[in-house]
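Okay, structure first, notes after.
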Amino acid sequence: LFTHISGVSIPTAMFPKVAVVGGGITGACVASLLSNTFDVKVDLFDQGRRGPGGRASHRIEQEKRWDHGCQFFRADTQSFLSHVNEWIQKGYCMEYKGKFGSNHSDADFFGFPSKPPFFIGIEGMTTVVDRLLNDCPSETFSLHAGQRVSSILRDPQTQEWTIFGTGGEAAYHDTPEAMASKAEY
């Protein structure tokens, strides 16, 4: 049971509930898996200014687009590769077959440019996160965007969990500390 975050009331469901803190690729994968596969109600809390994405953030300004977090990802296990292949079929991502460049002939780009395959989001890395979350059924998934989680507390008597945090300008990850520290949690 999640009862409090900056005045957001989350109704109690008849099936188990899970809170996911962070809407990057990992949070989106967990939310998607739980809300689509199991009878679990998922509440995802994300503090991103432009919505979920985390390190997979993508920006569009003045008709220019760029990824300012991770620009690609790899699937090093068969299990993850099976998910990635499904995402490719759904149009979330594709294999990147380009080359990595460098200004130095002896540069080592993160130590693995010779170990493909590499994958990129269609229209930017945020596409993977956006489409995973958009595919979550509304009956079992709720996104709480612009919410910074500060702490989680379990009541020893009721065994219920309470999430504390803030919303608005103070919630964003790039808010100056002086402003964020004045927020009411």
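The values are calculated or read from the model by the stated rules, or taken from the named source; none is laboratory data. Predicted model, so just to flag it, every value in this text is computed and none were measured. Positions of Cβ are backbone-derived with ideal geometry, glycine not excepted, and every protein chain shown enters the neighbour counts. All accessible areas refer to the heavy atoms of the entire protein, side chains included, with ligands and DNA or RNA removed. Shrake-Rupley method; radii C 1.70, N 1.55, O 1.52, S 1.80 Å.
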Answer yes if at least one residue in segment 140-149 is open to solvent by 80 Å² or more (accessible area, probe 1.4 Å), in contact with a strand residue (DSSP E or B) (Cβ under 7 Å, 6 or more places away or on another chain), assigned to a strand (DSSP E or B) and modelled with pLDDT under 90, and no otherwise. no
Quick check, is Ala178 among the aliphatic types (A, V, I, L, M), within 23 Å of Ile60 (Cα to Cα) and modelled with pLDDT under 85? no
Residue count, segment 169-179 (criterion: in contact (Cβ under 8 Å) with a residue 60 or more places away in the chain and open to solvent by less than 90 Å² (accessible area, probe 1.4 Å)): 3
Considering only strands (runs of 3 or more DSSP E) wholly within segment 1-114, the ones with at least 3 residues that are open to solvent by 90 Å² or more (accessible area, probe 1.4 Å), farther than 30 Å from Gln157 by Cβ and at pLDDT below 85 are 64-67
